[in-house]
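Since the structure comes first, as structure tokens, the remarks are kept for the end.
The values are calculated or read from the model by the stated rules, or taken from the named source; none is laboratory data. Keep in mind the model is a prediction, meaning the values are calculated, not measured. Positions of Cβ are backbone-derived with ideal geometry, glycine not excepted, and every protein chain shown enters the neighbour counts. Remember, those area values only see protein heavy atoms, side chains included, never the ligands or the DNA or RNA. Shrake-Rupley method; radii C 1.70, N 1.55, O 1.52, S 1.80 Å.
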Amino acid sequence: MTDKAVKQYLQHYAEPEVRCLQHWPQHDQPAYRHVLVIPAYQESSDFLHRALQSAWFNRDILLILVINQPNTQTDISPQQQLFQYARSAGELIRQQQNLTLISTNTETAQNSGDILLVDRYTLSIPAKQGVGLARKIGADLALMLIDKGMISSDWICSTDADAILPDDYFSVLNTTDPDWIAACYAFEHVGGEPAVRQATLIYQQAMHYYVKGLQQAGSPYAHFTIGSTLAFKAAAYAQVRGFPKRAAGEDFYLLNKLIKTGIVGRIEQTVIKLQARLSDRVPFGTGMSTAKIIKLTEQGLPFCYYHPQSFIALQQVLQQFGSLWDARNDLAAWLEQLPEYSAELLLKAGLARFVETQRRQSVSKQQFDSQLVNWFDGLKTLQFIHGLRDRVYPDVPLEFDPPAE
């Protein structure tokens with residue numbers, strides 16, 4: 001790969017671990033076809049044992065396992081046990097600083113891939129950077145190996161320890177539109193104790209409800225932002241400067257950036273199964289939401305979510321955006337065509353500054369509309385929905401339709 005953005009990213013923005021790869025031997029042929037990144041914190045070896053036995057983990061696959069721990073924790077034993085299990089799964093090929101390459105292609109598993117272990121638990125991660133930094137380290141290493149020609153696919157796959165990947169997880173990428181720069185796999189939650197499973201399925205329905213609401217409103221940001229269901233092209237990842245170093249929401253922010261640069265597709269025919277479980281490893285997300293739903297259920301209270309009218313209000317705004325360029329010299333008149341609360345939220349989001357900047361630059365309508373889509377992005381869309389919730393459309397009970405068994 002010779003993409004200029006990749007070279008610049010690796011030189012200026014990649015994590016220090018990539019420098020360890022600069023002197024790794026290069027082969028005439030790629031050593032692997034696909035790469036998968038998994039961050040692991042307080043995980044047992046069960047998930048790795050399952051992965052090693054999976055049909056998708058063959059000799060064409062490199063699994064980059066970033067075993068990490070925040071610097072606010074001192075007990076490294078769970079991470080150490082996982083590292084030792086992975087280390088004992090095969091033959092040591094190479095070790096440099098905090099990187100260890102293991103080949104699991106042994107007499108007992110002759111068709112297995114390799115594991116690149118990254119120790120970020122003895123060298124702990126700043127708590128505020130959390131899983132975002134862990135994912136970034138893994139994806140940066142994958143990018144470097146793709147750039148060196150050691151991985152033939154230009155897809156970087158990202159998942160989590162609680163994900164059960166289907167056998168065609170990698171092969172389905174060969175059937176996607178070549179213009180896609182990223183893809184989101186379909187998913188479903190499985191297993192778990194009855195109360196946890198029930199609560200998780202309620203939250204799963206809420207996620208589908210939100211994305212469907214965005215779709216019906218016409219938002220280009222109608223995608224599931226789940227770190228365990230993402231795959232993205234190497235060049236696109238470099239162009240948006242990788243995962244943000246955040247303790248949570250890193251998947252949301254990466255996808256939010258990727259959508260602005262190209263087509264993000266949805267892989268519906270291949271479903272990742274996510275294990276229903278509680279988790280307090282990140283300050284928000286499925287695990288924390290599941291715990292909240294369980295508590296509400298125990299109190300006999302319903303789980304409430306965004307009012308349907310919020311998405312109708314969003315749709316009205318997005319449709320009205322089509323005439324904003326023509327009204328750029330009289331924003332006040334344009335705003336009067338919207339309900340007062342929508343106009344207030346747009347002004348609070350900085351619409352006036354955006355329009356004035358575009359006016360000064362004398363952009364064309366095509367440029368204006370393109371910049372408007374980038375400005376009113378997934379984050380501003382979510383903030384708009386929250387603003388409506390706080391002002392006029394409070395959350396309503398989510399009607400739960402349990403999936404058929």
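Got a number for residues in segment 361-385 being polar (S, T, N, Q), in a helix (DSSP H, G or I) and open to solvent by 30 Å² or more (accessible area, probe 1.4 Å)?
Looking only at that region, the number is 6.
Listed residues 62, 52; which is at pLDDT 95 or above and open to solvent by less than 60 Å² (accessible area, probe 1.4 Å)?
62
List the number of the failed condition for residue 270; all other conditions in (1) assigned to a strand (DSSP E or B); (2) open to solvent by 10 Å² or more (accessible area, probe 1.4 Å) hold.
(2)
I'd like to check something: does segment 222-230 contain any residue that is over 26 Å from residue 191 (Cα atoms) and among the hydroxyl-bearing types (Ser, Thr, Tyr)?
Looking for residues that are over 26 Å from residue 191 (Cα atoms) and among the hydroxyl-bearing types (Ser, Thr, Tyr), one finds none in segment 222-230, hence no.
Could you please give the count of residues in segment 339-349 that are open to solvent by less than 60 Å² (accessible area, probe 1.4 Å) and either in contact with a Cys (Cβ under 7 Å, 6 or more places away or on another chain) or without any contact (Cβ under 8 Å) to a residue 24 or more places away in the chain (or both)?
Selection size over segment 339-349: 1.
Please determine whether any residue of segment 130-149 is touching a strand residue (DSSP E or B) at 6+ places or on another chain (Cβ under 7 Å), in a loop (DSSP other than H, G, I, E, B) and closer than 21 Å to residue 33 by Cα.
No, there is no match, as no residue in segment 130-149 is touching a strand residue (DSSP E or B) at 6+ places or on another chain (Cβ under 7 Å), in a loop (DSSP other than H, G, I, E, B) and closer than 21 Å to residue 33 by Cα.
Has segment 94-102 got at least one residue that is assigned to a loop (DSSP other than H, G, I, E, B) and touching a residue at least 40 places away in the same chain (Cβ under 8 Å)?
Checked segment 94-102: at least one residue is assigned to a loop (DSSP other than H, G, I, E, B) and touching a residue at least 40 places away in the same chain (Cβ under 8 Å).
If you go through segment 211-226 one residue at a time, how many are outside any loop (DSSP other than H, G, I, E, B), within 18 Å of residue 254 (Cβ to Cβ) and either touching a residue at least 24 places away in the same chain (Cβ under 8 Å) or open to solvent by 20 Å² or more (accessible area, probe 1.4 Å) (or both)?
1
Name the one entry in 169, 121 that is assigned to a loop (DSSP other than H, G, I, E, B), open to solvent by less than 20 Å² (accessible area, probe 1.4 Å) and not small (Gly, Ala, Ser).
169
Going through 306, 237, 253 one at a time, which residue ends up being out of contact with any His (no Cβ under 7 Å at 6 or more places or on another chain), under 30 Å from residue 152 (Cα atoms), open to solvent by less than 30 Å² (accessible area, probe 1.4 Å) and hydroxyl-bearing (Ser, Thr, Tyr)?
After ruling out the rest, the residue left standing is 237.
Listed here are the residues, each with its yes/no results for (1) of a type outside the set (Gly, Ala, Ser); (2) modelled with pLDDT under 90.
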| site | (1), (2) |
| --- | --- |
| 198 | yes, no |
| 208 | yes, no |
| 219 | no, no |
| 222 | no, no |
| 244 | yes, no |
| 248 | no, yes |
| 260 | yes, no |
